[in-house]
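See structure below.
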Amino acid sequence: MAANNRRMSGKKGAQVGSGGQRRRGLEGKGPTPPAELRKGHKKNRIANVKAKQTARRPAPRGRGGKGTSEMVVGRNPVVEALREGVPATMLYVQQFIDNDERVREALQLAGERGGIHLMEAPRPELDRMTNGLNHQGLVLQVPPYEYAHPEDLAAAAYDEGQDPLIVALDGVTDPRNLGAVVRSTSAFGGHGVVVPERRAAGMTAGAWKTSAGAAARTPVARAANLTRALESYKKAGLVVVGLAADGEVEVGDLEALGGPVVIVVGSEGKGLSRLVGETCDFRVRIPMPGGAESLNAGVAAGVVLYEAARRRA
């Protein structure tokens, strides 16, 4: 008995259990990851090589890149965006929101359209997402716009057996003007709109709303350098026509509008930039008997597009 006590005297305290170590050991490390994600595996090495090759591969020529995602904030703006068919992926609704008529309509429109996920979120989370803007409990997530490449517009027209009719905007920074130009281009049978990549309006929710649905039918291309894009159009057989208050030709006298053409519209204040103006084959003016100094981009584009459509009829 004494010997048995001596054997037990080396243990300090009661041995109640393993402290959960055995249970954790039996649990393991979770499911085995696929071979492509296991370091050192042959398939992992192949996947890494493919990823490096893809990263070095130049972007397809037919892509103009993507814009940035956007948040439409507030009950009225969200409802208007949904009414006008602005693309959306998510509708965030504040928890315990006052369920007024606008909230009910937003939920109904999002549900009818399909493809828009509904997400309930606490007010602090919506405040963080919108940087403290007055969201009123509704936030609509608009995905990045996928721009075409400028050459795609002319190619699509030629593929359809038509002379390209394209509008390019030079220095137009108001998204509503861009939306109006897209709407006019669609109405008069144009094949697309080109905007510069920098210092220019892009296809935001505001542009979508102003286009009144035409943005879903008429592509918008983005050019890294507008002057080079216009030179490329000239090589493809298009005539570049710039709108200018002091243009040498009146729009009604320009026969070139009946053929393959790209119409360049400048900003309301500054007009065409110097390099773009020098690239144009013709500089045309719109006669204004009423004495107005200039027209905004949407109206000016509509006038010239009408003349081009009339000559092509």
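Right, Val220: within 15 Å of the chain's Cα centre (by Cα), in contact (Cβ under 8 Å) with a residue 40 or more places away in the chain and under 13 Å from Ala154 (Cα atoms) or not?
Considered against the rule, which asks whether it is within 15 Å of the chain's Cα centre (by Cα), in contact (Cβ under 8 Å) with a residue 40 or more places away in the chain and under 13 Å from Ala154 (Cα atoms), Val220 comes out as yes.
Got a number for residues in the range 184-199 being surrounded by fewer than 20 Cβ atoms within 10 Å (Cβ to Cβ) and either in contact with a helix residue (DSSP H, G or I) (Cβ under 8 Å, 6 or more places away or on another chain) or among the hydroxyl-bearing types (Ser, Thr, Tyr) (or both)?
3
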So Ala229, is it small (Gly, Ala, Ser), in contact (Cβ under 8 Å) with a residue 12 or more places away in the chain and within 30 Å of Leu118 (Cα to Cα): no
Yes/no for Arg176 being more than 21 Å from Leu295 (Cβ to Cβ) and basic (Lys, Arg): no
Residues located in the range 195-221, provided they are of a type outside the set (Gly, Ala, Ser) and assigned to a strand (DSSP E or B): Val195, Pro196, Val220
Residue in the range 138-157 that is open to solvent by less than 70 Å² (accessible area, probe 1.4 Å), polar (S, T, N, Q) and in contact (Cβ under 8 Å) with a residue 60 or more places away in the chain present: yes
Complete set of residues in the range 82-127 that are open to solvent by 90 Å² or more (accessible area, probe 1.4 Å), of a type in the set (A, V, I, L, M, F, W, C) and modelled with pLDDT of 90 or more: Leu118
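The values are calculated or read from the model by the stated rules, or taken from the named source; none is laboratory data. Everything numeric here is computed off the predicted structure, so don't read it as measured data. All Cβ positions, glycine included, derive from the backbone under ideal geometry; neighbour counts span all protein chains shown. Ligands, DNA and RNA are excluded from the accessible area calculation, which covers all protein heavy atoms including side chains. Shrake-Rupley method; radii C 1.70, N 1.55, O 1.52, S 1.80 Å.
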